[in-house]
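Take a look at the structure below.
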Amino acid sequence: MAEIAEATCRRELELEIPAEDVSKEMERVAKEFARLANVPGFRKGKAPLTLIRKRFADDIKGEVLQTLVPDKLEKAVNEQRLQPVSRPSVEKLDFNEGQPLKFTAVFEVLPEFDLGNYKNLTLELPPMQVTEADVDRALAEAQDRAATFTPVEGRVVADGDYAQLKLVGTPADGGEPLQAESVLCHIGSEETMAPFNQHLRGASAGDHKAFDVDYPADYPDPKLAGKIYHYEVDVLGVKARTLPELNDEFAKDVSDAATLEDLKGKIRENQLHQLEHQVRDLKREKVLGELVKMHEFPVPEALVEQQMDVRLQRMVRQLAQQGVDPRAVNLDWQALRKRQEPRAKDDVKAELIVDRVATAENIEVTDEEVQAELEHMASHSGESAEAIRASLTKDGALDRMKSKLRSDKTVDWLAQNAEIKIVANPEPQVPEAGAAAAGGESQS
């Protein structure tokens, strides 16, 4: 276990600027005001210094503080070799003309801690491999996506059918209604809300149905969760779903494969590629978890607050990507942000540890690695790597990108040097709060 540095990252420096230095600065600032000030009854720059000091007393005092305080604070921080991570606040200010200027500077610094035995981590991973069952499952999903819907004539809607609906759903609280001109509803399916099954089972094309749906609070779609909607539904028709036959023709229709076996091979190759990413991500997650458990030290509250904001912004982006207006979601955002605090502390702690490990092991990012990342970003954005570099440089984000690459490189190095144990039921990982908050896709 690494040594505990201090109980807190908060620092208070009681500082004093000699009266002589304060008087000199007051004199300099007053003369500058006298040179520039427009005072009624005097030509510019000709007003008496005593009048200037009286007329602009507060302004002169403010200028003196803005000059002397930061300079004194910077010198004190450098002398004590501190690394502030938050903007210092000035407290207990004692400023009287002819007297020393006294104040207390309050800020947070990076914690001091000793690195634990990071070179001998043990990571427990579950068995991870691509099986024939995985390939068959993916093939079945492709078959499912290629299904066709054919009209059913001469009978009512039955379980297993797809009712083609025109619907309007009005929330009981008077919010924005849901509307669809033509949507298919799978009758009798587990993912279909019970009122749709109950009211549409036995219906015929041309029927009109009206009913309420009470969505549970944990419903995956946050637009609907915890709300009651009144639906007006017109049954446009009934359709049956038909799966294509799994053969070489199917393989040609859904991919560039020539045969069904060729398609299975491509699916297996893709799954192996995905598995590599999953294993790498899981190893990284395990490494960070082990590092956090191994070290005990305080983290700056300012950095934790920033990370809580980052996590909340991530949730907002996830909602927006799902087409959900975050402002319309009935969530206690303050409470949700507060719940991010434990994870945010671990995030900050992990970042500090990884940075120390990178320094200890002389791990740096090469120009070639930066260029490779820029080209990877370019392949997904449609812009050139040079344009992305210029944009990141202009926004001041290039250094952040390099820092992220350095952290990833360090964590990968730690994973490569760790002992890997394959266990059937490894210690569960805490899920990302964002995933739980965003929920799944909406179903009728």
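A few remarks follow.
- Any hit, the stretch 332-345, residues being among the charged types (D, E, K, R), in contact (Cβ under 8 Å) with a residue 60 or more places away in the chain and closer than 30 Å to residue 416 by Cβ: yes
- Summed over the stretch 256-286, the residues that are of a type in the set (Val, Ile, Thr) and assigned to a helix (DSSP H, G or I) give a count of 2.
- Any hit, the stretch 96-116, residues being without any contact (Cβ under 8 Å) to a residue 40 or more places away in the chain and outside any strand (DSSP E or B): yes
- Sole exception among (1) in contact with a Lys or Arg (Cβ under 9 Å, 6 or more places away or on another chain); (2) surrounded by 12 or more Cβ atoms within 10 Å (Cβ to Cβ) for residue 246, by number: (1)
- Only listed residue being assigned to a helix (DSSP H, G or I), modelled with pLDDT of 90 or more and either farther than 18 Å from residue 280 by Cα or hydrophobic (A, V, I, L, M, F, W, C) (or both), chosen from 415, 435: 415
- All positions within the stretch 165-219 that are over 26 Å from residue 242 (Cβ atoms) and among the aliphatic types (A, V, I, L, M): 168, 172, 178, 194, 210, 213, 217
- Residue among 255, 204 that alone is in contact with a helix residue (DSSP H, G or I) (Cβ under 6 Å, 6 or more places away or on another chain) and of a type in the set (Ser, Thr, Tyr): 255
- Residues in the stretch 332-386 that are within 23 Å of the chain's Cα centre (by Cα) and basic (Lys, Arg) were compared, and the one that is surrounded by the most Cβ atoms within 10 Å (Cβ to Cβ) is 349.
- Test result for residue 225, within 29 Å of residue 178 (Cβ to Cβ) and surrounded by 14 or more Cβ atoms within 10 Å (Cβ to Cβ): yes
- Residue in the stretch 190-205 that is in contact with a strand residue (DSSP E or B) (Cβ under 7 Å, 6 or more places away or on another chain), within 30 Å of residue 254 (Cα to Cα) and modelled with pLDDT under 95 present: yes
- Conditions (1) of a type in the set (Asp, Glu); (2) modelled with pLDDT of 85 or more; (3) in a helix (DSSP H, G or I); (4) exposed (fewer than 12 other Cβ atoms within 10 Å of the Cβ); number of the one not met by residue 58: (2)
- Spans of helices (runs of 4 or more DSSP H) in the stretch 297-373 with at least 3 residues in contact with a Gly (Cβ under 8 Å, 6 or more places away or on another chain) and either within 30 Å of residue 412 (Cβ to Cβ) or in the same structural domain as residue 388 (by TED's automatic domain parsing) (or both): 301-321
- Candidates 156, 77, 85, 90, filtered to the one that is among the β-branched types (Val, Ile, Thr) and at pLDDT 90 or above: 156
- Of the numbered criteria (1) buried (at least 18 other Cβ atoms within 10 Å of the Cβ); (2) in contact (Cβ under 8 Å) with a residue 60 or more places away in the chain; (3) more than 20 Å from residue 324 (Cα to Cα); (4) not acidic (Asp, Glu), the one residue 209 fails is (2).
- The set of residues in the stretch 117-140 that are outside any loop (DSSP other than H, G, I, E, B) and either in contact (Cβ under 8 Å) with a residue 60 or more places away in the chain or under 30 Å from the mean Cα position of the chain (by Cα) (or both) comprises 118, 119, 120, 122, 123, 124, 125, 134, 135, 138, 139.
The values are calculated or read from the model by the stated rules, or taken from the named source; none is laboratory data. Nothing here was measured: the structure is a model prediction, and the numbers come from that model. For neighbour counting, all protein chains shown are included, and Cβ atoms are generated from backbone atoms with ideal geometry for every residue, glycine included.
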